[in-house]
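The values are calculated or read from the model by the stated rules, or taken from the named source; none is laboratory data. Just so it is clear, the model here is predicted, and its values are computed rather than measured. Cβ placement follows ideal geometry from the backbone for every residue including glycine, while neighbour counts extend to all protein chains displayed.
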């Protein structure tokens with residue numbers, strides 16, 4: 001799956017996330033201590049299309065998207081999400097792009113773009129020291145707005161609208177053989193050259209209000225989404241706390 005938006009915007013976001021690595025270890029943000037649960041009914045979460053792309057980092061430092069890696073990652077991550085959901089007793093349903101009116105379908109696609117923009121703002125204004133918004137103070141009150149109701153009503157189960165939506169953004173890169181060779185030579189000379197990195201963020205959105213009730217970010221120089229076990233570890237690190 002190719003991401004929405006331009007490559008320059010993705011690179012800017014990745015650079016912003018990379019800066020977070022040196023910040024205090026504050027990751028998970030919440031509006032509520034846990035998901036709302038009704039007696040006899042597990043929460044229903046719509047899994048929005050995973051905004052994921054895997055790339056190879058060339059010797060020159062350019063990121064070249066690898067479609068086959070991304071396809072494998074999407075399969076591994078979705079399976080891992082299902083495992084986490086069973087553990088925390090929540091029901092996941094996949095977003096269905098053909099449901100609802102044409103207006104609803106267009107709205108849902110816009111929400112994917114909006115999540116990327118809002119998530120980027122959260123990374124900057126919630127995590128970077130000195131850039132917090134005075135109007136928000138210490139509270140975490142970000143929202144995608146009431147338009148999310150389109151997702152809820154078009155993904156009803158047992159004649160009841162879905163409760164939440166899970167949005168997930170990840171960019172993962174891996175050093176090529178040429179890049180590794182340059183890193184080794186540079187290290188011998190006492191120069192550090194970065195390899196690949198795994199960066200991303202995830203949000204759980206209340207479909208009644210549009211509020212982001214849970215948000216987490218992941219930034220690190222290790223991890224691998226190309227194999228099932230490693231992808232499961234990444235998914236657990238990024239989203240399992242959201243399903244409580």
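Worth a mention:
- Residue check, residue 235 part of a strand (DSSP E or B), within 14 Å of the chain's Cα centre (by Cα), within 30 Å of residue 147 (Cβ to Cβ) and modelled with pLDDT of 90 or more: no
- Criterion applied to 17, 44 was being crowded, with 16+ Cβ neighbours inside 10 Å, more than 15 Å from residue 123 (Cβ to Cβ) and either in contact with a helix residue (DSSP H, G or I) (Cβ under 7 Å, 6 or more places away or on another chain) or modelled with pLDDT of 70 or more (or both), and the one residue passing it is 44.
- Residue 117 being closer than 30 Å to residue 64 by Cβ, part of a helix (DSSP H, G or I) and modelled with pLDDT under 75: no
- Test: residue in region 120-142 that is crowded, with 17+ Cβ neighbours inside 10 Å, modelled with pLDDT of 90 or more and either within 27 Å of residue 219 (Cβ to Cβ) or touching a helix residue (DSSP H, G or I) at 6+ places or on another chain (Cβ under 6 Å) (or both): no
- Members of region 134-156 found to be more than 18 Å from the chain's Cα centre (by Cα), under 16 Å from residue 112 (Cβ atoms) and part of a loop (DSSP other than H, G, I, E, B), listed by number: 145, 154, 155
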